[in-house]
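As structure tokens, the structure follows; a few thoughts come after it.
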Amino acid sequence: MPAGVRHDIGVELMRVQFGGEPTDFKPMSSVGAGAYEVRVRDASGAYRAMYVAKFEAAIYVLHAFQKKTKRTAKTDIEMGKARYRMIGGKP
């Protein structure tokens, strides 16, 4: 990911960390309860970071990727689901 995109995603996750909402996000119920996707765009394309913040210990970034199609790829959703299960979440 380009440095600017990484920075923008970090800022959005910091908003969540301090109790706010990202400026552009959507729920990812297909990944698991409480999972969301931060959406960032720059000149090189669209980028996403899936995260879950419902656990007290931390905000968990499940997966980050460049989006190349209109729909989120099944492989990206499956990666998010697998990591969600790893942290003790139930889809």
Practice prompt. For the stretch 27-38, state whether one or more residues are open to solvent by 10 Å² or more (accessible area, probe 1.4 Å) and charged (D, E, K, R).
Written response: no
Worksheet item: When you look at Arg41, is it open to solvent by 40 Å² or more (accessible area, probe 1.4 Å) and either under 16 Å from Met1 (Cα atoms) or hydroxyl-bearing (Ser, Thr, Tyr) (or both), yes or no?
Response: yes
Worksheet item: Of all residues in the stretch 60-81, how many are surrounded by 13 or more Cβ atoms within 10 Å (Cβ to Cβ) and small (Gly, Ala, Ser)?
Response: 2
Discussion item. Just to be sure I understand the filter: pairs with C-beta atoms under 7 Å, separated by 6 or more residues or on different chains, first member in the stretch 1-24 and over 10 Å from Asp42 (Cβ atoms), second member exposed (fewer than 12 other Cβ atoms within 10 Å of the Cβ) and not polar (S, T, N, Q). Which pairs pass?
Written reply: Arg15/Glu21
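The values are calculated or read from the model by the stated rules, or taken from the named source; none is laboratory data. Just so it is clear, the structure is predicted and the values come from calculations on it, not from any experiment. Positions of Cβ are generated from backbone atoms using ideal geometry, with glycine treated the same way; all protein chains shown enter the neighbour counts. Ligands, DNA and RNA are stripped out before the accessible areas are found, and what is left, the full protein with its side chains, is counted by its heavy atoms. Shrake-Rupley method; radii C 1.70, N 1.55, O 1.52, S 1.80 Å.
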